[in-house]
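Data first, discussion second: the structure below is written as structure tokens.
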Amino acid sequence: MSKIGDVKVIVHRQIPDGFDIKTVSVTKKADGYYVTLSLDDQTVPTIKHDFDVNNIVGIDVGLIDFIVTSDNERIAAPKFLRKAERTLKSAQRQVSRRKKGSNRRKKAIKKLGIQHKKVADTRKDFHFKTAKLLLNKYDVIAVEKLNIKGLAKSRLAKSINDAGWGQFVAILSNKAENADLKVISVNPNGTSQECSSCGQKVKKPLSQRMHNCPVCHTNLCRDLNAAINIKNRGTHGLKAQNMSSLRSL
């Protein structure tokens, strides 16, 4: 490494023949240092995906179900932080009981950091797998453009941070771009209140989990109703983008 020299590493997987190392990133984490290599091989062909704009889905993110799709498929929120709370509290108590500046306290802090890293790594792995599941099935995924920083300041902050919606959307967008697919963000205002069948505004508190429209008598889960609205807005936004592209040509 530049200005450092040779560094011993535990190799996670071998570098394939013919690949050149382009960049090296070193990251310090709770359980040690990690080296990430960016590789390049000019012989690898670029594969263009047969893109279908009509193969679109809307997803509504939540705290009970992590996502509900407009096709009424659900993935439950795993709540990794909630499940690890007892272990984390125990590790935190060990830190509090140790004398400040002592080696035992440093060891306890490291142990606590490793436990938090384990939760974060498990959550990230779940996000990658969920993104792959969606992108294997759909060409376009419509999501709400949520103010996650603002939501994280509410009384639901702990659950929102545990869900990690921001990280999930970032992973989904990155993987979609690499696969020549698309993630489109839509205005989140009123997706739960607006009827997906007739457009009527049906006000309801967060505790009310069903959408009942007094006009067209549509009756369905409020999350599914929101997901359908997100899909409809994504379809509209995609058409607007395509029309704009045609005008520029």
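Please get the size of the charge dipole for the chain, origin at its Cα centre, with Cβ charges of +1 on Lys and Arg and -1 on Asp and Glu, quoted in debye to the nearest 20. Spell out each step's value before the answer.
Values: 47 positive and 22 negative charges, 522 e Å.
Computed about the Cα centre, the dipole is about 2500 debye.
Loop sites only, by DSSP: take the trypsin sites (Lys or Arg not before Pro) in the chain that have at most 12 other C-beta atoms within 10 Å and name the longest stretch containing none of them. Write out the running numbers ahead of the final one.
On the way: sites that count: 3, 8, 13, 48, 99, 100, 145, 153, 155, 203, 209.
Between exposed loop sites, the widest span is 49-98.
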So, with a 1.4 angstrom probe, what is the percent of accessible area on the chain that is carbon and sulfur? 52
In order through the stretch 99-108: 3J(HN,Hα) via Karplus (6.51 cos²θ - 1.76 cosθ + 1.60), integer Hz, x for Gly, Pro: 6, 4, x, 7, 5, 5, 5, 4, 5, 5
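Among the GluC sites (Glu not before Pro) within the stretch 64-159, which fall in a DSSP loop and have no more than 16 other Cβ atoms within 10 Å of their own Cβ? All intermediate terms of the calculation are to be shown ahead of the outcome.
Working: sites: 73, 85, 144; in loops: 73.
Sparse-neighbourhood loop GluC sites (Glu not before Pro): 73.
What does the charge add up to near residue 232, with Lys and Arg as +1, Asp and Glu as -1, over the other residues with Cβ less than 14 Å from its Cβ? Write out the running numbers ahead of the final one.
On the way: positive: 231, 233, 239; negative: 60, 71, 144, 194.
Local net charge: -1.
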Under a Gaussian network model of the chain whose springs join Cα atoms within less than 10 Å, the largest fluctuation of 68, 24, 11 belongs to 11
Diffusion coefficient in µm²/s returned for the stretch 102-164 by Stokes-Einstein, Kirkwood Rh over C-alpha pairs, 4 °C and 1.567 mPa s, is 89
Treating the angle as unsigned and between 0 and 90°, give the value, to the nearest 10°, between the Cα long axis of helix 85-97 and the longest Cα principal axis of the chain. 40
Charge dipole of the stretch 120-159 built from unit charges on the beta carbon (Lys, Arg +1; Asp, Glu -1), centred at mean Cα; most positive-end Cα among 133, 156, 122 is 156
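In debye to the nearest 20, how big a dipole does the stretch 103-249 give about its Cα centre with +1 on each Lys and Arg Cβ and -1 on each Asp and Glu Cβ? If you can, show how the numbers build up before the last one.
Values: 29 positive and 9 negative charges, 239 e Å.
Computed charge dipole of the stretch 103-249: roughly 1140 debye.
Which whole-number percent is the relative contact order of the chain (Cα, under 8 Å, 6+ apart)? The partial results should precede the final answer.
Working: 312 pairs, mean separation 51.1, N = 249.
With pairs under 8 Å counted, the relative contact order is 21 percent.
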Total charge of the residues flanking residue 209 in space, meaning their Cβ is under 11 Å from its Cβ, with Lys and Arg +1 and Asp and Glu -1, is 0
Rg and Dmax of the stretch 44-126, using alpha carbons, in Å: what are they? 20.9, 62
Could you tell me which of the pairs 117/137; 124/182; 22/182; 8/110; 137/158; 29/145 are separated by over 24 angstrom between their Cα atoms in the structure shown? 117/137; 22/182; 137/158; 29/145
Based on alpha-carbon centroids, what's the gap between the stretch 109-130 and the stretch 54-95 in Å, whole number please? 13
Send over the per residue convex hull volume for the stretch 116-239, Cα only, as a whole number of Å³. 122
Taking Cα atoms, how many degrees apart are the long axis of helix 165-178 and the longest axis of the chain, rounded to 10 and kept between 0 and 90? 90
With both bridge residues required to lie in the chain, what share of the DSSP beta bridges run antiparallel, to the nearest 5%? 70
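Sort 172, 146 by accessible area with a 1.4 Å probe, largest first.
Ranked from most to least accessible, the order is 146, 172.
Tell me the net charge near residue 167. Cut-off is 9 Å between Cβ atoms, residue 167 excluded, with +1 for each Lys or Arg and -1 for each Asp or Glu.
Numbers: positive: 123, 124; negative: none.
Charge balance near residue 167 sits at +2.
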With a 1.4 Å probe and every protein chain left in place, work out the accessible area per residue of the stretch 135-249 in Å², rounded to a whole number. 57
Determine by what factor the alpha-carbon radius of gyration of the chain differs from 2.2 N^0.38 Å, reporting the quotient. 1.28
Report the Cys residues of the chain lacking a disulfide-compatible partner, meaning no second Cys Cβ under 4.7 Å from their Cβ. 221
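May I ask you to work out the translational diffusion coefficient for the stretch 1-77 at 37 °C, viscosity 0.692 mPa s, via Stokes-Einstein with Rh from the Kirkwood sum over Cα pairs, reported in whole µm²/s?
Numbers: Rh = 17.6 Å.
Roughly 187 µm²/s, to the nearest whole number.
Contact order normalised by length for the stretch 165-249, with contacts defined as Cα pairs under 8 Å and 6 or more residues apart; what percent is it?
Working: 72 pairs, mean separation 21.8, N = 85.
Relative contact order of the stretch 165-249: 26 percent.
The values are calculated or read from the model by the stated rules, or taken from the named source; none is laboratory data. Everything numeric in this text was worked out from a predicted model, so none of it was measured. Please note: Cβ atoms are built from the backbone with ideal geometry, for glycine as well, and neighbour counts cover all protein chains shown. For accessibility, only protein heavy atoms count, side chains too; no ligands or nucleic acids. Shrake-Rupley method; radii C 1.70, N 1.55, O 1.52, S 1.80 Å.
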